[in-house]
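One structure is given here, and the rest of the page talks about it.
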Amino acid sequence: MTANDSTFVPRHVTSSRHWGWWQGELSSELLADRLSHLERPAVIVQTPTGFAVVSKGNISLTATNATPIAAILPPLPIASLGDPKFCEDHGLRYAYVTGAMANGIASADIVEAMSRAGMLGFYGAAGQSIPTITNAIERLQKNLGAKPFGINLIHSPNEPIHESKLAELLIAKQVRLVEASAYLDLTLPIIKYRLHGIQLDANGTIVTPNRVVAKVSRIEVASKFFAPAPEKFVRELVASGDLTPQQAELAKRVPVAQDLTVEADSGGHTDNRPLVTLLPTILALRDRVQRSSDYGCSLRVGAGGGISTPASAAAAFAMGAAYVVTGSVNQACVESGSSDAVRLMLAKAEQADVAMAPAADMFEMGVKLQVLKRGTMFAMRATKLYELYRAYPNLEALPANERTALEKNLFRTSLDEIWSQTQAFFRERDPSQLVRAEADAKYRMALVFRWYLGQSSRWANRGEPGREMDYQVWCGPSMGAFNEWARGSFLEDPKNRTVVAVALNLLYGAAMCLRFNQLRSQNVPVPDSLRDLRPIPLDELNARLNEASDE
């Protein structure tokens, strides 16, 4: 017998544990066919020649003259992965989220595709102007109606006015869900958004129309999001008339975020922490907070960073993640706000083809983010800018050779011209930045250097010819793992990569991985022929999922 037959022989394994006895027919169905229909249970029996799949018959716990049952697998539809309450609360079919990659890389196209497929997408508003974000919100509200979607609200320590304006816009446009990212501490804008409209319903239940999904990588930040809003911010909102005293009392009884995404080693802002240590840490925090609080709701923790293969998604769910979040792999999809040139670069990436580089939004603080290094010199050039910023007090103090190299290779014009462009930008976005720069020459140097960091991402998104060596492409090592998984399948070609095809294949593969683990835990080996979980074309996968659902 081979692993492709309905009866398969284990290698050096014999199950001595029987769950019961089977009275009925032995099936001619292949194990692969039975396992791939996720909404059907599977019963595996042990025969004198090996293990076999059965279908028609009865299970007995007392019979002794029947075929021993080696393993029982319950149904495992992909809609059952994760926390069902998370899906119910957000109006989702699947516990799958696409994260908000900045500058519109997490595009309205991605958000709409996710929403229509029963999943959740966050629009990448970070780095964009208020008018651009406004247009995106209006488009999503028009096209999706009551279907779920969210907008990113990123911590902007260097541009607090912009963060405040965005929070005001989200409130005015009645956007009910945001992904809060890159927060080092809570700020007034995120608290104002969260508590706006808080009230008691007719049953005495606290209702918070605006919800926050916080993305964190540190336990001290997670603790703040799982706690009620800080009193200093609540008092300030009462004083400004944004909250009533009654609402302020209600604010003490709800967390800033009910849902919190653990962000492990990822593209963009990251602490490079492994998911297998970070997720259990935050889950333990959740349990402590849940035991000591009286919120009237369950706190939930999702997993992001490194989710790019069936095995990684399965591992996250197995560790207790309420949902999974993908990022880097979505940038490589056709709906992303990036360019075809970047998608080709990402499709060639391997796990070691990433590096850390200074972040534009937190440049002076020395905060770094993870980017693609294969095919671009951005990481090296951005690091050089930060070194010069640390070494010299202002632009005028730069050595002549350093200034010449910057103007020739990075800026391709004079630093004076870059400063003129920077002034024009901040006159529109936030004039207070210019006031500060006029009083602080080192801050003026930071703004000029940040011009390159900001433009490099836009050059990549536009596929700017001649600027390929300066492309800033946010990417984690998960991109290499995804490419290895996709090799030899229809998803190897970036033109075939759609966010829905990627998402459903990851969920389907994760469910298969979990079923394999169920077999192994019952001392039944997984035949080698079943281990190939390469992506399946969307039409075929949908047919398989729909067939199982019908049955």
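The values are calculated or read from the model by the stated rules, or taken from the named source; none is laboratory data. Remember, it's a predicted structure, so these values are computed and weren't measured experimentally. Note that we place each Cβ from the backbone using ideal geometry, even for glycine, and neighbour counts take in every protein chain shown.
Only one of Asn496, Asn483 is surrounded by 15 or more Cβ atoms within 10 Å (Cβ to Cβ), closer than 22 Å to Ser36 by Cβ and outside the structural domain of Ala108 (by TED's automatic domain parsing); which?
Details: Asn483 fails: closer than 22 Å to Ser36 by Cβ.
Unique residue meeting the criteria: Asn496.
Looking only at region 243-257, which residues are out of contact with any helix residue (DSSP H, G or I) (no Cβ under 6 Å at 6 or more places or on another chain) and touching a residue at least 40 places away in the same chain (Cβ under 8 Å)?
Hits for region 243-257 are Gln247, Leu250, Arg253, Val254, Pro255.
Among the residues in region 92-114, are any touching a helix residue (DSSP H, G or I) at 6+ places or on another chain (Cβ under 9 Å), in a loop (DSSP other than H, G, I, E, B), surrounded by fewer than 19 Cβ atoms within 10 Å (Cβ to Cβ) and not β-branched (Val, Ile, Thr)?
There is at least one residue in region 92-114 that is touching a helix residue (DSSP H, G or I) at 6+ places or on another chain (Cβ under 9 Å), in a loop (DSSP other than H, G, I, E, B), surrounded by fewer than 19 Cβ atoms within 10 Å (Cβ to Cβ) and not β-branched (Val, Ile, Thr).
Within the set of pairs 6+ apart or on separate chains, which have a first residue in region 516-534 that is of a type in the set (Phe, Trp, Tyr), a second that is surrounded by fewer than 14 Cβ atoms within 10 Å (Cβ to Cβ), and C-beta atoms under 9 Å apart?
Phe516/Arg531
Gly57 fails exactly one of the following numbered conditions: (1) modelled with pLDDT of 85 or more; (2) touching a Gly at 6+ places or on another chain (Cβ under 6 Å); (3) surrounded by fewer than 19 Cβ atoms within 10 Å (Cβ to Cβ); (4) not charged (D, E, K, R). What is the number of that condition?
(1)
Here is a check on your reading of the model: is Leu346 hydrophobic (A, V, I, L, M, F, W, C) and within 23 Å of Tyr443 (Cβ to Cβ)? Spell out how you get there, then give the answer.
Working: hydrophobic (A, V, I, L, M, F, W, C): yes; within 23 Å of Tyr443 (Cβ to Cβ): no.
Criteria not met by Leu346.
For the structure I just gave you, tell me whether Glu168 is modelled with pLDDT of 95 or more, within 23 Å of Thr261 (Cβ to Cβ) and part of a helix (DSSP H, G or I). Show your work before the answer.
Details: modelled with pLDDT of 95 or more: yes; within 23 Å of Thr261 (Cβ to Cβ): no; part of a helix (DSSP H, G or I): yes.
Criteria not met by Glu168.
Considering only residues of region 210-257 that are of a type in the set (A, V, I, L, M) and assigned to a strand (DSSP E or B), which is surrounded by the fewest Cβ atoms within 10 Å (Cβ to Cβ)?
Step one: list which residues in region 210-257 are of a type in the set (A, V, I, L, M), which gives 212-214, 216, 219, 221-222, 227, 229, 234, 237-239, 243, 248, 250-251, 254, 256-257.
Okay, now just the ones that are also assigned to a strand (DSSP E or B), so 212-214, 216.
Details: Val212: 23, Val213: 28, Ala214: 25, Val216: 26.
Selected residue: Val212.
Please list, ordered by first then second residue, the pairs with beta carbon atoms under 6 Å, 6 or more apart or interchain, first in region 210-227 and free of Cβ contacts under 8 Å to residues at least 60 places away in the same chain and at negative phi, second crowded, with 23+ Cβ neighbours inside 10 Å and among the basic types (Lys, Arg).
Partner pairs satisfying both residue conditions: Asn210/Arg194; Val212/Arg194.
Residue by residue, here is whether (1) touching a residue at least 60 places away in the same chain (Cβ under 8 Å); (2) over 28 Å from Asn505 (Cβ atoms); (3) charged (D, E, K, R) holds:
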residue: Thr134; (1), (2), (3): no, yes, no
residue: Lys147; (1), (2), (3): no, no, yes
residue: Asn158; (1), (2), (3): yes, yes, no
residue: Glu163; (1), (2), (3): no, yes, yes
residue: Glu168; (1), (2), (3): no, yes, yes
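So is Gly302 at pLDDT 95 or above, assigned by TED's automatic domain parsing to the domain that holds Val178, small (Gly, Ala, Ser) and part of a strand (DSSP E or B) or not?
yes
Does Ala321 meet the test of being modelled with pLDDT of 95 or more, of a type outside the set (S, T, N, Q), assigned to a helix (DSSP H, G or I) and surrounded by 24 or more Cβ atoms within 10 Å (Cβ to Cβ)?
On the way: modelled with pLDDT of 95 or more: yes; of a type outside the set (S, T, N, Q): yes; assigned to a helix (DSSP H, G or I): no; surrounded by 24 or more Cβ atoms within 10 Å (Cβ to Cβ): yes.
Judged against the criteria, Ala321 is not a match.
Let me confirm something: among Ala315, Ala322, which residue is of a type in the set (Gly, Ala, Ser), in the same structural domain as Thr270 (by TED's automatic domain parsing) and farther than 17 Å from Ala481 by Cβ?
On the way: Ala315 fails: farther than 17 Å from Ala481 by Cβ.
Only one candidate passes the filter, namely Ala322.
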